[in-house]
1. So between Ile5 and Glu232, what do we pick up on full extension, going 0.36 nm a residue minus the alpha carbon distance?
2. On the protein heavy atoms, probe 1.4 angstrom, tell me the percent of accessible surface of the range 28-89 carried by carbon and sulfur.
3. Whose amide H sits under 5 Å from the amide H of Glu6, counting only residues 5 or more places off or on another chain, with H placed in the peptide plane?
4. I need the shape label for the range 103-176. Rule: rounded when a/c is under 1.5, else prolate if a/b > b/c, else oblate, with a, b, c from the alpha carbon gyration tensor.
5. Going down the table (Lys15/Lys85; Lys60/Lys157; Lys95/Lys197; Lys95/Lys199), which pairs top 31 Å between alpha carbons?
6. Using a 1.4 angstrom probe on heavy atoms only, work out the carbon and sulfur share of the accessible area of the range 92-140 in %.
7. For the range 140-240, what's the relative contact order in percent, using C-alpha pairs closer than 8 Å and at least 6 residues apart?
8. So how much slack lies between Lys116 and Lys60, counting 0.36 nm per residue of separation and subtracting their Cα-Cα distance, in nm?
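The values are calculated or read from the model by the stated rules, or taken from the named source; none is laboratory data. The shown structure was predicted, so the numbers you read here are calculated from the model rather than taken from an experiment. Note: ideal-geometry Cβ built from the backbone for every residue, glycine included; neighbour counts use all protein chains shown. The accessibility values were calculated without ligands, DNA or RNA, using every heavy atom of the protein model including side chains. Shrake-Rupley method; radii C 1.70, N 1.55, O 1.52, S 1.80 Å.
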Amino acid sequence: MNLHIEKTPVLLGQKAAQLTASLLREAILEHGSARLILSTGSSQFETLEALVKEDVDWSKVTMFHLDEYVNLPESHPASFRKYLKERFLSKVTLKDYYLVDGNPDSIPSLTAELTKSPIDVGLIGIGENAHIAFNDPPADFDTRESYIVVNLNERCKQQQVGEGWFPTTEDVPAQAISMTTWQIMQCRHIISAVPHKVKAKAIADTLSHDTTPEIPATLLKTHQHFDLFLDEESASMISH
């Protein structure tokens, strides 16, 4: 694991974007194309804003993303399809992209596209409860499916309300389609951009514990090429 601590979320986002872009350029040079997984949520704002400004031949990049609420309309402010179209897809012209549409029936076709060839870079956020994608604790580390339907726990729902996506936890959908922990770990490189004070405990728990489904992000530490980007606030609870 490579740990990077930057002063501010903006600097964190710039550094994470620079590394992402460098890895995408390497993949394009080596294979003629690149494949990318993106995270969503407020913690990714700065990284995506910087990433779309990077010098990448986006016409050779195919994008996937991690998750979507079950049966949530794309018009809803919390829709991750809406998020990605506004913050990424409208700003770059990709070779192709595949969005999780919230319909469980679409999982087989989405899986077929995802598994055609390896993913070069996964931008994988870490939640306030240390989830990765919507794999809340205790996460399923055993499944070898690529996407599954998961139940969201109360801590996860509270995060969605705290970030302003829903007015109350009762408004948060009970289920989501999520990329599995196993599939995330198949990425050639994993980059986690995790700013803000609200993530400090999740980061401290991730770094201070052995791999456990109760702290899903601990699995990322076992990846051969994992870069974790923090700011001063998200790193504030890390012990010496």
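1. Values: separation 227, 0.36 × 227 = 81.72 nm, distance 0.65 nm.
My answer for the length gained is 81.1 nm.
2. On the way: 1120 of 2390 Å².
Within the range 28-89, the accessible surface is 47 percent carbon and sulfur.
3. Amide H neighbours of Glu6, under 5 Å, 5+ apart: Leu230, Asp231, Glu232.
4. Details: a/c = 2.02, a/b = 1.73, b/c = 1.17.
Because a/c hits 1.5 or more and a/b exceeds b/c, the range 103-176 counts as prolate.
5. Working: Lys15/Lys85 23 Å; Lys60/Lys157 36 Å; Lys95/Lys197 36 Å; Lys95/Lys199 34 Å.
Distance filter (> 31 Å) returns Lys60/Lys157; Lys95/Lys197; Lys95/Lys199.
6. Numbers: 960 of 1880 Å².
That fraction is 51 percent.
7. Numbers: 129 pairs, mean separation 29.4, N = 101.
Relative contact order for the range 140-240 comes out at 29 percent.
8. Values: separation 56, 0.36 × 56 = 20.16 nm, distance 1.56 nm.
So the extension gain works out to 18.6 nm.
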